[in-house]
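Below you'll find the structure, written out as structure tokens, and then a few comments.
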Amino acid sequence: MIAELKGANKAYQTPAGSFTALDKTTLVVNEAELLLIIGPSGSGKTTLLSLLGCLIDPSEGQLWVDGKDVATLSASEKASLRLNRIGFVFQQFNLLAPLTAEENVAFPLEMQKLGRAEIKQRTADALTKVNMSEHRRKFPKQLSGGQQQRIAIARALVTNPKLVLCDEPTASLDKNSVDTVMNELQALARSGKAVAVVTHDPRLTVYANRAIEVKNGIVTPIALEKTQA
Ligand code: ADP
Ligand code: MG
């Protein structure tokens, strides 16, 4: 396993008092698996994904990532865990507008302070993996939504993370692009990564190895009709 929640919950403090967005949850995220996290808006999906991504801390219980109890890490150790072990993909792509596709993909490697040659090679490899090499010199606004999301996926995988977390990655895409993007994510899982995908679209279960539902902050496993993947 790459990540594990052990009886972890998340309560936000609001002016109206404490609000539990995620109930006590025990969940394992495995390598070579596409885990689908389904649920309606406001159910706690992003909260769950943010916990797994070490973006927020559990209020109670434990979070383990890459063999470490995250609560025992310093701020810089946690930042390094996020940069080196986790890739993020968001609904709105979050590409940097003034950078080309390849410069966007190279960005995490620049933050890792790798050498020129290695950055060039790894960026080219990541772009090839998502079939976007020919578009590498384009700026985000010159690309379709589906193409921008493939660049965002290349950026998430360029550091060779063990865990790829995707928050509604297909919500802004047309049907064809949904297929392309989900196929890329499925290929990543087959190559050995742990891939967790948040969605409110039950049609995406066909791409999943496992699925859970989040409703009012409560996580329950759901059965997949077919054993595809
Ligand atoms: P989802 O991603 O399923 O739409 P979220 O995890 O974003 O759900 O939110 C779950 C609940 O927690 C919602 O009611 C939301 O308003 C609330 N919430 C999320 N983030 C915060 C926050 N930082 N402070 C207070 N409440 C929050
Ligand atoms: Mg959300």
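The values are calculated or read from the model by the stated rules, or taken from the named source; none is laboratory data. Predicted model, so just to flag it, every value in this text is computed and none were measured. Ligands, DNA and RNA are stripped out before the accessible areas are found, and what is left, the full protein with its side chains, is counted by its heavy atoms. Shrake-Rupley method; radii C 1.70, N 1.55, O 1.52, S 1.80 Å.
What to note about this one:
- For the chain, accessible area per residue (1.4 Å probe, heavy atoms of protein chains only), Å²: 48
- Antiparallel DSSP beta bridges within the range 3-222, as percent of all bridges there, nearest 5: 50
- Taking only the Cα atoms of the chain, the radius of gyration and Dmax are 17.4, 54 Å.
- Radius ratio Rg over Rh of the range 94-220, counting only Cα atoms, Kirkwood formula for Rh: 0.99
- Eligible lysines near Lys129 by straight Cα distance, threshold 30 Å, same-chain separation 8 or greater: Lys45, Lys68, Lys78, Lys113, Lys120, Lys138, Lys141, Lys162, Lys175, Lys193, Lys226
- The range 147-212 versus the range 20-63: alpha-carbon centroid distance in Å: 16
- Computed in the context of the full set of protein chains, the accessible area of the range 3-222 at 1.4 Å probe radius has 51% of its extent on carbon or sulfur.
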